[in-house]
Structure formats: C-alpha cells, structure tokens
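Heads up: the structure comes next, in structure tokens.
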Amino acid sequence: MLTVPAYAATSATEPLTPTTVERRDVGPHDVLIEIQYVGICHSDIHNVRSEWGPASYPVVPGHEVAGVVAEIGPEVTRYAVGDRVGVGCMVNSCRECAPCLRGEEQYCLEGNTLTYGSVDKDGTLTQGGYSTHIVVNDDFVVRIPEALPLDEAAPLLCAGITTYSPLRRWGAGPGKEVAVVGLGGVGHMAVKIAHALGAQVTVLSQSLKKKDDGLRLGADHYFATSAPATFEQLVGAFDLIVNTVSARVDLDSYLRLLKPGGVLISVGAPAESLSLDVLSLVMHGHICAGSLIGGIRETQEMLDFCGEHGIGAEVEIIPATKINEAFERVIASDVRYRFVIDTLTLV
C-alpha cells in the first residue's frame, strides 16, 4: 500500500480538509500515476454535498486527472514510466456486457466503477484525483498528446469528452448549426470542439457578459437567454443544441429553436427533474436526448483530436488550499473556465 496526501470531504456540510488515502499495490495490469493537475468539475460539488444522493464519506473527489506514469505492472505494455497520461470518470467496468464490448463503458449494464465514490472490485471505496497519486487499471488510462499542456488537458477528461461525444454522434460539422447553452466549464469546451469540427456555433447564455470570450473561443453568434426576443428570433434555427447547464432550464423553450428533426442533447445533470412537452416533441419530430461522457476509446480519440487542433481548456490554476473557495466560485459562475488544482501543493 502507498499512503498519499489528499483532500477529502467528511460530510455534506463541512469543507474539504487535508488527509491521506491508501493506494493499492501496483498489480500486473495497473499503472501508478503521479498526478500533476486535477480539474474541479461541478459534479465534484454535487457528489461531496450529497446532492445526487447520499455520498459515502470520507470521499476524495476528482475525475479530471493528468500526470505522468510513475510505475507499471509487469503485464502493462502500452505505457512506460514517464509517459503523460490521464484518467477520467471511470476506472473499471464489467468488460463483458454489450455496451462495454461496444467501447461504451460509461453505460456498463452492471454499473461502471467511478473514479471516486464507487465500490471497487476489491470491495474498497474508490478515491479520486484530489491527491498526489492514483493506481488505475491500464485499460482505463489514456495518453495525453505532447501538444497539450497537462494543466489544460486535465479538464478534457470530463468536460472535453462530455461535449465531444454528443457533437460527434449527432453530426456536428460543416453546414450544421450548433447552439451551446451555457458558457461555463463544460460549455466553453463545447464551443471550442464544435468550432474545430467545422460547425456554425451559437452561444446561448443568460447574459452578454461573456460575449467577447465566446467569440474568441470560436462562436459565430452569441445571444442572451434573458432577452425574450432571443427565443422569438431563433425559432427553428438549429440542427443541434447542447445543453451544458446543471440547473433547471425550460427545455420546451429550447426545443422550439430546433429545426424539424433537430436534436437537443442535455449533458448537464441538474439535481431536480425537468418537464417536457411531449406533444410538441412529436409534432416537430424533435429528438431530446442525454449523453454521459464517453467510452475509453472515444476519450482517447477526443484527446488526439484536441492535440491535433491545439484545443485545451481555459484554466485557472489554484493551490489545494483554495479548493473550498473554488467550490463556492464555481457555484457563483465565477471562473473562466475551469479550476485546476496543482497537486504539488498537496505535499
């Protein structure tokens, strides 16, 4: 066992505090990763505050992990010590069900093993990347291209694949009109990736305060959803809308902005249920769907795509001592656009 520094939540109401966690010995197919950067995802906050159901405490969050290989098991052939690698939201799955065999481990019928807050194969509770090291089976490790700085690559392991997967699946590209709802940690990646895929990109945000950023990141148009005229002007305008907001939104209002047969994809996961006018959905042939990250193969594809196009996240690097402050700023939408923890500050 390896004992490493970490930051953990001990309850839904207490701040995260310094602690240590035990990492298992490196097995035949394991990779020990020295974590250099880990992103703060809004889902970290939802989880540690038990907003998506009761958490098992203590819990070390973090599933946007970027670092270098420190040790490999004797059966590992794809990675070597010193390689630049990452870990996203999953560290295992059954490997045998139909989704797993298709390379969609995120939809494992037995339930995948999350990077933190899941019961691992050995019966222990997984602990995430707000720590200095992590041990992961090599099938769930991905390679980070040399073209991507590790701090900018870390958020790609969740925010990047969360947007890349539905954009690719639903055909974002030349000749397609794509709208992104929300310009936050996930939304800004959707803009960058949709633009790189060749689509015409529109940002739909509550206000125009981030308009200059949106246009700089690759948006062609930018509208404020707080302005009633927006929903009148844009009726039937889009082939695809990606909703990145993890809060209550009026889905029916956005469905009206789709062309006939258009698709509204939700990748944000609000704590409460949302209503939907099914009759309107039927009458216009619209598709309303959800999307959960991506499989390991697709995550590697996304990283390679981002490496080729020079796409990294817009990050604000913080020391571990600022984690609790960063949580509050995420809730207040006071970050442009992803906090990344420098894990060297954990030592």
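Just so you know, all these numbers are worked out from the coordinates, no wet-lab data involved. Small disclaimer: the values here were computed from a predicted structure and weren't measured. FYI the Cβ positions are ideal-geometry reconstructions off the backbone, even for glycines, and counts take in every protein chain you see.
Tally Lys/Arg at +1 and Asp/Glu at -1 over every other residue whose Cβ is under 11 Å from the Cβ of Arg24; what's the total?
Here the charged neighbours net out to -3.
Compute the normalised compactness of the chain: alpha-carbon radius of gyration over 2.2 N^0.38 Å, N being the residue count.
So the Cα radius of gyration is 0.97 times the expected 2.2 N^0.38 Å.
Order of Asp83, Asp25 from fewest to most other C-beta atoms within 10 Å?
Final ranking by Cβ density, sparse to dense: Asp25, Asp83.
How do His29, His46, His188 rank when sorted from fewest to most other Cβ atoms within 10 Å of their own Cβ?
Ranked by crowding around the Cβ, least crowded first: His29, His46, His188.
Provide the per-residue ³J(HN,Hα) series for the range 217-230, in order, calculated from phi with Karplus coefficients 6.51, -1.76, 1.60 and θ = phi - 60°, each as a whole number of Hz, with x at glycine and proline positions.
Once rounded to whole Hz, the list reads 6, x, 6, 8, 9, 8, 10, 8, 6, 6, 8, x, 5, 4.
Any idea what angle helix 296-309 forms with the longest principal axis of the chain, computed on alpha-carbon atoms, 0 to 90 degrees, nearest 10?
Helix 296-309 and the main axis of the chain meet at about 70 degrees.
Got a sec? Charge dipole of the chain, +1 on Cβ for Lys and Arg, -1 for Asp and Glu; which of Gln233, His284, Ala196 is way out at the positive end?
Farthest along the dipole direction, towards plus: Gln233.
Taking N as the number of residues in the range 37-149, what is its Cα Rg relative to 2.2 N^0.38 Å?
1.09
Return the sequence-ordered ³J(HN,Hα) values of the range 100-107 in whole Hz as given by the Karplus equation 6.51 cos²θ - 1.76 cosθ + 1.60 applied to θ = phi - 60°, using x for Gly and Pro.
Karplus-based 3J(HN,Hα) across the range 100-107 equals 4, 5, 7, x, 10, 4, 5, 10 Hz.
For the range 160-290, what size does the Cα cloud have along each of its three principal axes, sorted from largest down, in whole Å?
Each principal axis gives a Cα extent; for the range 160-290 these are 38, 30, 28 Å.
With r defined as the distance between the Cβ atoms of Glu316 and Asp120 and R0 fixed at 45 Å, what FRET efficiency is calculated, to the nearest 0.05?
For Glu316 and Asp120, the calculated efficiency is 0.90.
What number comes out for the charge environment of Pro155, summing +1 per Lys or Arg and -1 per Asp or Glu over other residues with Cβ under 10 Å away?
-3
Mind checking the full-extension length gain between Thr77 and Ser207? Use 0.36 nm per residue of separation minus the Cα-Cα distance, one decimal, nm.
41.8 nm
Among all lysine pairs in the range 160-290 that are eight or more places apart or on different chains, how many have alpha carbons less than 24 angstrom apart?
Close lysine pairs under the 24 Å cut-off: 8.
Using a 10 Å cut-off around each Cβ, can you sort Phe327, Phe231 from fewest to most neighbouring Cβ atoms?
Phe231, Phe327
Whose amide H sits under 5 Å from the amide H of Glu316, counting only residues 5 or more places off or on another chain, with H placed in the peptide plane?
For Glu316, whose amide H was placed from the backbone, the distant partners under 5 Å are Tyr337, Arg338, Phe339, Val340.
Report the relative contact order of the chain, percent, no decimals, based on alpha-carbon pairs under 8 angstrom and at least 6 residues apart.
Over the chain, the number comes to 18 percent.
Gain in length, Ser50 to His309, computed as 0.36 nm per residue apart minus the alpha-carbon separation, to one decimal in nm?
89.5 nm
Which residues' amide hydrogens lie under 5 Å from the amide hydrogen of Ile134, considering only partners 5 or more residues apart or on another chain, with H built in the peptide plane?
Long-range HN contacts for Ile134: Ile33, Ile35.
What ranking, highest mean first, results for peptides 189-200, 85-96 when packing means the other Cβ atoms within 10 Å averaged over each residue?
My ranking of the peptides, most packed first, is 189-200, 85-96.
Under 14 Å from the Cβ of Pro228, count the other residues' Cβ atoms, weight Lys and Arg +1, Asp and Glu -1, and hand me the total.
Residues close to Pro228 contribute a combined charge of -1.
Roughly how many nanometres apart are two label points built 7 Å out from the Cα toward the Cβ at Thr345 and Met1?
Here the answer is 2.9 nm between the modelled labels.
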